[in-house]
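Here the structure comes first, spelled out in structure tokens, and everything after it is commentary.
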Amino acid sequence: MWYAIISEDVEGSLEKRRTARPDHVARLTALRDEGRLLIAGPHPAVDSPDPGPAGFTGSLVVAEFGSLEDARTWADSDPYVEAGVYERVSVKPYIRVLP
């Protein structure tokens, strides 16, 4: 089943994101290569594809896991969690309707 992992950043997370990003992206790339990643990306803090020093307010990942528990375990071990980027992470089942 698909799961939405919705994360909200701590205030001033940009430098922490930069430091942990290579490991974070590597995990997402592994999901993609396994055919389990639907979409992933950050939420810019301003209405721009390049928010610059404004940074980001969180992230969204929609990926396939065997169970809600598996999705939560994966989310809890994200390098951004370990680096203190995220203040809060929610994991919810997701039903893909379109496209």
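Coordinate-derived values only; no laboratory data. Source: prediction; values computed, not measured. Because the Cβ atoms are built from the backbone with ideal geometry, glycine has one as well, and the counts that use them run over all protein chains shown.
Numerical summary
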read-out: Residue check for Asp47: surrounded by 13 or more Cβ atoms within 10 Å (Cβ to Cβ), charged (D, E, K, R) and over 11 Å from the mean Cα position of the chain (by Cα); value: no
read-out: Residue that is surrounded by the most Cβ atoms within 10 Å (Cβ to Cβ), among those in segment 68-99 that are of a type in the set (Gly, Ala, Ser) and in contact (Cβ under 8 Å) with a residue 24 or more places away in the chain; value: Ala71
read-out: Every residue from segment 48-67 that is among the hydrophobic types (A, V, I, L, M, F, W, C) and farther than 17 Å from Val89 by Cα; value: Ala54
read-out: Filter result (crowded, with 19+ Cβ neighbours inside 10 Å, out of contact with any strand residue (DSSP E or B) (no Cβ under 6 Å at 6 or more places or on another chain) and not in a helix (DSSP H, G or I)) within segment 6-21; value: Ser13
read-out: Search result, residues across segment 58-76 that are more than 11 Å from the chain's Cα centre (by Cα) and of a type in the set (S, T, N, Q); value: Ser67, Thr73
